[in-house]
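Coordinate-derived values only; no laboratory data. The structure displayed is predicted, hence computed values, not measured ones. Here Cβ is always computed from backbone atoms with ideal geometry, including for glycine, and neighbour counts include all displayed protein chains.
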Amino acid sequence: MSNYKWVKESERYVDLRTEDFISTSFFSLPLAMINPLLLDKLSKNGIDYDLQGDSCELSAIDSKIVTITAPLYGMNFNTCEFELLEESYTNTAIAPTQYDWIKATYQRCAKEVANEQAKIFEEQFMEKSLDEGNSAVIDISSDIFEEPSSFYSLYIPKSYIKACERNVSYRHITHEVVFIKKMDANGQIITIKVPDLYKGLVIGKGGENIKKIAEMINAKRINVI
């Protein structure tokens, strides 16, 4: 298996790497890309996780261990380059092929969760809309894994505009958000209906917010009632 290299991390630990010294022993992601919905989906598809600071390491629940013989390298901290220590070194590691399987499974599960949540969002939007689908107030929850801004980018369909956001302080992790459906208004006047509590936030100081949204949907103006 000449396309792999061992790297000596410490006296007791070596790590399996590819030819360009990228690790194949685990698949790591920024914590911002991970959330409970996705972790649950991954778990059901044979993937475990380990939180490491601001990242999350994914591994197969049923890991397969193989014995690999390959060159052993170590980091020269003076030159910041890897140097060959032994031509042939044998050790055990998680099967490198599982890295590709974990990556592919993660990508599939992430897409499935995104599609599922987008469908739920659109159903809630139509259910809560007071103006036949032009706008709606939706509750967005966050937790230790994600901030609401992360949720928007992951699960809100691109065909919706976030008009404003209100933090519900007594519920801590819930944000009430007004979304407006993207459209081409062809220079017409669009009317949206939102509860009184949100009107000022939607309009914005001096009407700046609602004017900006009107430009985004090509509307002459947006009436907020």
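Numbers at a glance
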item	result
Taking all pairs of distinct alpha-carbon atoms in the stretch 44-106, Kirkwood radius in angstrom	14.1 Å
Local electrostatic count, residue 93, Cβ distance below 12 Å [Lys/Arg +1, Asp/Glu -1]	+2
Contour excess over end-to-end distance, with Cα ends at residue 114 and residue 4 and 0.36 nm allotted per residue	36.1 nm
Among 202, 14, 177: highest mean-square fluctuation, GNM of the chain, C-alpha pairs under 10 Å	14
Spread of Cα-to-Cα distances over 5 Å intervals beginning at zero, given as percent, for the chain	1, 6, 11, 13, 12, 10, 9, 8, 7, 6, 6, 5, 4, 2, 0, 0
Whole-percent pair-distance distribution, where bins are 5 Å wide, for the alpha carbons of the stretch 4-108	2, 11, 21, 20, 16, 13, 10, 5, 1, 0
